[in-house]
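Just so it is clear, none of the values below were taken in a lab; they were calculated from the coordinates. Quick caveat, the model's predicted, so the values are computed rather than measured. Glycine gets a Cβ as well: all are built from the backbone with ideal geometry, and neighbour counts include every protein chain shown.
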Amino acid sequence: MKPARHKERLIALIGLAVLLFSPPLILVFDRYRPDGISALPIYLFLAWGAVILLMAWLMERPTHDESCEDDAR
């Protein structure tokens, strides 16, 4: 992946994280279900895990320069 695209994807991931943890979206999940359990902790945990997994996936993918170095070996 080209470094410019890598940077763009990381910026997009930050934008996604800001959107996922924005107060209007969090308020949607801050409601009690009929069984008395709030969905907010589940939503926060899953959103946080998704952001971390996406960040790890983006950071571990080889860039274009790294893949060329591996081919030369």
Applied in sequence order to the range 24-37, the curve 6.51 cos²θ - 1.76 cosθ + 1.60 (Karplus, θ = phi - 60°) yields integer Hz couplings, x standing for Gly and Pro, of x, 6, 5, 5, 4, 8, 8, 10, 8, 7, x, 7, x, 9
For the pair residue 60 and residue 7, the simple spin-label estimate (label points 7 Å beyond Cα toward Cβ) gives in nm 2.6 nm
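Compute the FRET efficiency between residue 40 and residue 19 as 1/(1 + (r/R0)^6), taking r as their Cβ-Cβ distance and R0 = 25 Å, and round to the nearest 0.05.
0.95
Report the convex hull volume per residue for the range 3-68, counting only C-alpha atoms, in Å³. Spell out each step's value before the answer.
On the way: hull volume 4.3 nm³, N = 66.
In the range 3-68, the Cα hull volume divided by residue count equals 65 Å³.
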